[in-house]
Amino acid sequence: MFAVYATHAAPNDPLAALKIGELPESDAAEGWVRVKISHASLNRHDLFTLRGITGHPEGIRYPIILGNDGAGTLDDGTPVVIYPMMGSDDWRGDETLDPKWHIPSEFIHGTFADYAVVPRRNAIPLPKSLSPLHASVLGTAWLTAYRTLFTKSGLQAGETVLVQGATGGMATALIQLGRAAGFEVWATSRSEEGRAQAIALGAHQSFPSNEPLPRKVPAIIDNVGSDSWAHSMSSLARGGTLVTVGGTTGLEVALNLLPVIADQLTIIGSIMGTLKDMENMIRLIAQTGIEPEIGVVLPMDRAEEGFRAMWQGKTRGKTVFTR
């Protein structure tokens, strides 16, 4: 079976661990289904897998097929999109809080292959109004963005949210979803091109990174990390909420507790989302006609180009691989 996979952990040179070739196809156990992949999207998590970065103490099982998200068809021809959250068979709560949660490309093979094998509940039937191309980006960045906006931020329609960054897959999802939900969306970018893209995607205003804002805002979503942390903390209104969902520039930050206490700030993390979150997001996208921003579409045998662009910080929107 054709596959794009990681051979080992390469912390400083992730592309050295990237392999494109043949691997045996996985069998579908009872309760699992096989998905013939037509589209699968690249996430920063795929770089983490190549580098050996994981929050699971068990570590990653190499060699492992990469890819968290994807869309395709079941053996009976049913179009589906993959919900990437896996976990304990007996867990009955919020899937994101399952101590054994994981996603494809950690303990099971991922979606950058001819076929992916997932639990039956993780193969969601695809609405006719949603293309496999657009569905393939929804499982990780878009699902995290949806939960961040609608569960974690505490925002009400009409309130302002600042999105740190404007051009990556997470940022574009936040801008498009936030605009559709009726929030006033602000975004930041280091480049004039990035700020223009944010406006084109629906942001009401865009600003240079780390420059003072016209006013403080009730919610900030930060996917940048160390480079934007001080700006995020100084830009929150009293009683505001900072949701941190990533750290593309680093995960270590300094925290002065005084403004947290005096201004009664909330700092909260968010990752992925529940099956219900994903079903609700798909329904919202189908109803509003949102078309997720796709930066590049490449055949899967050219996956190294997409990985290289992400490693070098040159991505704009989501990168999708096709079979």
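The values are calculated or read from the model by the stated rules, or taken from the named source; none is laboratory data. Keep in mind that what you see is a predicted model, and the values were worked out from it rather than measured. Virtual Cβ from ideal backbone geometry, glycine too; neighbours counted across all protein chains shown. With ligands, DNA and RNA removed, areas are computed over all heavy atoms of the protein, side chains included. Shrake-Rupley method; radii C 1.70, N 1.55, O 1.52, S 1.80 Å.
With protein chains left intact and a 1.4 Å probe, residues in the chain average 44 Å² of accessible area per residue.
For the chain, the relative contact order comes to 18 percent (Cα pairs under 8 Å, sequence separation of at least 6). According to the Kirkwood relation over distinct C-alpha pairs, the hydrodynamic radius of the chain is 19.9 Å. With contributions of -39500 (n - 2.57) from each DSSP H run of at least four residues, the per-residue ellipticity at 222 nm computed over the chain stands at -6500 deg cm²/dmol. Computed over Cα pairs, the Kirkwood radius of the range 93-185 leads via Stokes-Einstein (0.890 mPa s, 25 °C) to a diffusion coefficient of 160 µm² per second.
Net charge of the neighbourhood of Val243, taken over other residues with C-beta under 14 Å away and scored Lys/Arg +1, Asp/Glu -1, is 0.
Solvent-accessible area assigned to carbon and sulfur over the chain amounts to 51 percent, based on a 1.4 Å probe.
The range 1-101 has equivalent-ellipsoid semi-axes of 23, 20, 12 Å, by the square roots of 5 times the alpha carbon gyration tensor eigenvalues, sorted largest first.
3J(HN,Hα) along the range 196-204, derived from phi through the Karplus expression 6.51 cos²θ - 1.76 cosθ + 1.60 where θ = phi - 60°, amounts to 5, 5, 4, 5, 4, 7, x, 5, 6 Hz, with x in place of Gly and Pro. Calculated on the Cα set of the range 206-248, radius of gyration then Dmax: 9.8, 27 Å. Along the Cα-to-C-beta direction of Glu22, a point sits 7 Å from the Cα; which residues of the range 52-90 have their amide N less than 19 Å from that point? What the label zone holds, given the 19 Å backbone N cut-off, is 63-66.
For the chain, find the longest principal axis of its Cα atoms and tell me its angle to the long axis of helix 275-288, 0 to 90°, nearest 10. Taking Cα atoms only, the helix is inclined about 70 degrees.
For the range 1-105, the relative contact order works out to 26 percent when only alpha carbon pairs closer than 8 Å and six or more residues apart are counted.
Working ranking of peptides 137-143, 6-12 by packing, defined as the average number of other Cβ atoms within 10 Å per residue, highest first, is 137-143, 6-12.
A straight chain from Ile199 to Ser131 at 0.36 nm per residue would run longer than the Cα-Cα distance by 22.0 nm. Rounded to the nearest 20, the size of the Cβ-charge dipole of the chain about its Cα centre is 600 debye, with Lys and Arg at +1 and Asp and Glu at -1.
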